[in-house]
Amino acid sequence: MRFPRNGGRIDQEAVTEQIGEAVRLGVNYFDTAYVYGGSEAALGEALNRLDCRDKVYIADKLPQYLIKSRAGTERCFQEQLSRLKTDHIDFYLMHMLTDLAAWNKLCDLGIREWIAEKKASGAIGRIGFSFHGDTAAFLELLNAYDWDFCQIQYNYLDENTQAGRRGLEAAAAKGIPVIIMEPLRGGRLITGLSAEARKLVAESGRSAAGWGLRWLWDQPGVTVVLSGMNSLEMIRDNAAEADAAHPGCMTPQEHAFVEKMRADLQASMRVGCTGCAYCQPCPAGVDIPGVFASYNRMATEGRHAKMQYLLTTGLRRKGTGASQCVGCGKCEQHCPQHLPIRSLLKDAARELEGPLYKAARLGVRAFKLW
């Protein structure tokens, strides 16, 4: 999802270099999805150039929310194989299941039979699902099928939301491996820390990302962590943390340190947005993740956050600011965090779009007319 980009396009040279370094350091699980624009093709090309397809596992996802028939499932899967330059996908997920009804819809379309055929032929190795919903719904899904693995959003800020610790431990009790996504909350566990907290992290001898990852590796139910690395520095740091961590590795003092980080983040956070962009594209053109990122930065960056908001949403021919929301609610139907986006956008507009912003927008419109 977070491959490096250059001019808006995935930087294939950088991707290949980074995957090569990751493989060298022992990383062997790569997660992509049909809707991660260009990601499948970039991953397939990198593995082909590096000649290391047989050394790694590929995890990919069926966009179940787009599927209307069994034939549609097959067309999507064949397109994914082509993009990835492979004849099989090791770990295949039903993407973003939110409740039992979504799974039952797929079952009505023959997904169980289709999965059985693909596993029998070797085209799919293991089957699982990625989840965004509440704990009760997760537990229902967990028991609805003989899953080989599952994938949940989990980090020290989300310990008791979505599937949460209860879901993690329930899956582990059934012997189902758990893949962790958003382990750093889309980078929030790093960039969202106050200046005081960043100082404590610097003095600790471990990176902010390292603390978040160590908290996960400490738990025996965690099987794989998808940390969203997109630089050589991140890859090396994350791999070093994984090498040094194991279940039960954290001391009481280390747990107390993470609690300080959690409290610091909760004190400044206004919107629990991870930047996943499932709410996009907005019919009215609002850059919802961008708006919320600026809104969350207000607590620690003040005027700078307002200026960044102006630069990223206001000084464009087609503005993307919060006040453009028309209240259609489409975004809320797709938000994994179940945020009241329309209401939050109104709050963000009141705080971020002051006289300077409004004057700038008038100027941009006047220039456009001229």
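Applying a threshold of 8 Å to beta carbon distances and a minimum spacing of six or more residues, or different chains, the list of pairs starting in region 252-264 at a residue that is open to solvent by 30 Å² or more (accessible area, probe 1.4 Å) and ending at one that is among the acidic types (Asp, Glu) reads Asp264/Glu196. If you take the residues of region 137-164 that are open to solvent by 20 Å² or more (accessible area, probe 1.4 Å) and assigned to a helix (DSSP H, G or I), which of them is farthest from Thr274 (Cα to Cα)? Filtering first and then ranking leaves Glu140.
Of the helices (runs of 4 or more DSSP H) contained entirely in region 279-338, those carrying at least 3 residues that are modelled with pLDDT of 85 or more fall at 288-301, 330-334.
Only one entry in Gly186, Gly167 is open to solvent by less than 10 Å² (accessible area, probe 1.4 Å) and assigned to a helix (DSSP H, G or I), namely Gly167. Suppose we filter Glu79, Glu74 for residues that are among the charged types (D, E, K, R), under 24 Å from the mean Cα position of the chain (by Cα) and either open to solvent by less than 20 Å² (accessible area, probe 1.4 Å) or assigned by the TED database to the domain that holds Leu142 (or both); which single one remains? After applying the criteria, what remains is Glu79. Taking region 8-35 as the range and being surrounded by fewer than 16 Cβ atoms within 10 Å (Cβ to Cβ) and among the hydrophobic types (A, V, I, L, M, F, W, C) as the test, only Leu25 passes.
Step by step: first the residues of region 104-136, then only those that are of a type outside the set (D, E, K, R), open to solvent by 30 Å² or more (accessible area, probe 1.4 Å) and more than 15 Å from Asp148 (Cβ to Cβ), then the one that is nearest to the chain's Cα centre (by Cα). Which residue is that?
Pass one, region 104-136, residues of a type outside the set (D, E, K, R): 104, 106-107, 109-111, 114-116, 120-125, 127-133, 135-136.
Next, from what is left, pick out any that are open to solvent by 30 Å² or more (accessible area, probe 1.4 Å): 104, 107, 109, 116, 120-122, 125, 136.
This time we only want the ones that are more than 15 Å from Asp148 (Cβ to Cβ), so: 104, 107, 109, 121, 136.
Values: Asn104: 25, Cys107: 26, Leu109: 28, Ser121: 31, Ala136: 21 Å.
Applying the filter and picking the extreme gives Ala136.
Every listed requirement among (1) under 14 Å from Ala197 (Cβ atoms); (2) not hydrophobic (A, V, I, L, M, F, W, C); (3) not assigned by the TED database to the domain that holds Pro220 is met by Arg262 save one, (3).
Under 8 Å between Cβ atoms, which residue pairs at least 6 apart in sequence (or on different chains) link something in region 183-211 that is without any contact (Cβ under 8 Å) to a residue 40 or more places away in the chain with a partner that is part of a loop (DSSP other than H, G, I, E, B) and open to solvent by 20 Å² or more (accessible area, probe 1.4 Å)? Partner pairs satisfying both residue conditions: Ile190/Ser207; Ala209/Ser227.
Scanning region 36-51 turns up no residue that is among the polar types (S, T, N, Q), open to solvent by less than 50 Å² (accessible area, probe 1.4 Å) and closer than 18 Å to Phe129 by Cα.
So, in region 222-253, how many residues would count as being among the charged types (D, E, K, R) and either at positive phi or touching a helix residue (DSSP H, G or I) at 6+ places or on another chain (Cβ under 7 Å) (or both)? Before you say what the answer is, go through the steps one by one.
Keep residues of region 222-253 that are among the charged types (D, E, K, R), which gives 233, 236-237, 241, 243.
With the extra rule that they be either at positive phi or touching a helix residue (DSSP H, G or I) at 6+ places or on another chain (Cβ under 7 Å) (or both), the set shrinks to 237, 241.
Qualifying residue count for the region: 2.
Please work out if Val326 is β-branched (Val, Ile, Thr) and touching a helix residue (DSSP H, G or I) at 6+ places or on another chain (Cβ under 7 Å). I'd like the intermediate steps shown before the answer.
Numbers: β-branched (Val, Ile, Thr): yes; touching a helix residue (DSSP H, G or I) at 6+ places or on another chain (Cβ under 7 Å): no.
So Val326 does not fit the description; no.
The values are calculated or read from the model by the stated rules, or taken from the named source; none is laboratory data. In this text, all values refer to a predicted model and were calculated from it rather than measured experimentally. Reconstructed Cβ throughout: ideal geometry from the backbone, glycine too, with neighbour counts over all protein chains shown. Note: areas computed on protein heavy atoms with side chains; ligands, DNA, RNA excluded. Shrake-Rupley method; radii C 1.70, N 1.55, O 1.52, S 1.80 Å.
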